[in-house]
Amino acid sequence: FPVTIALNLVDSTTINFGDVMAVLYFNSNYIVVTDDTVFEGDLGGNDFTEIASSPSLGTVSDAVVCYSRLYVSDTTSLAYWTGSAWTTGIGSLTASYPHPLAVFDSQTTYKLAVGDGNVVKLYDSSGNVSSTTLTVASNYYVTSLAYRNGYLFVGTKEIYGGEAAIF
């Protein structure tokens, strides 16, 4: 679930970002991904500014740094920010599901893991999806991904209100 964040900077300036989906450090700045847009700035009292031409984001969005780029998931695809330009429309994702992201460091080529409904897809640095996917039972959908010590952990929600599961 998104969390509303108001950031108090060292100069006592307060910035209200609204519903925040992710906060990361990339390209010598902090990045705040909301359900609407992407901001960048620092904590030294300078204002955070919206990154121009951000993709259409939503409460299903997430962000991660992979392949020296900032990747974000929007409602139906992936996009990445190089620090100077956006590339959008990478892959195809199912609308209305969360699209959590993680870096699957154990993989040599396909490192970007993306949740999409009851499937985890893996993407390479060129935006190609691997033919190898993880598909969980159809009564679950992926809500979170985390990589640790050679394993990708997949958090899910049961669609009929049953017990959630971790794979």
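Values for this structure:
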quantity	calculated
In Hz, Karplus ³J(HN,Hα) per residue of region 91-102 (6.51, -1.76, 1.60; θ = phi - 60°; x = Gly, Pro)	x, 9, 10, 7, 4, 6, 10, x, 10, x, 10, 7
Cα convex hull of region 61-126 - mean projected area over all directions, nm²	4.0
Carbon plus sulfur fraction of accessible area for the chain, probe 1.4 Å, in percent	48
Ratio of the Cα radius of gyration of the chain to 2.2 N^0.38 Å, where N counts its residues	1.05
Distance from region 30-92 to region 121-167 (C-alpha centre basis), Å	21
Region 60-114 - accessible surface per residue (Å², probe 1.4 Å)	39
Karplus-derived 3J(HN,Hα), 6.51/-1.76/1.60, for each residue of region 60-72, Hz, glycine and proline x	8, 7, 8, 8, 7, 9, 8, 6, 6, 9, 8, 9, 10
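The values are calculated or read from the model by the stated rules, or taken from the named source; none is laboratory data. Since this is a predicted model, take the numbers as computed values, not measurements. For the accessible areas, the whole protein counts, side chains as well, though only heavy atoms, and no ligand, DNA or RNA atoms are used. Shrake-Rupley method; radii C 1.70, N 1.55, O 1.52, S 1.80 Å.
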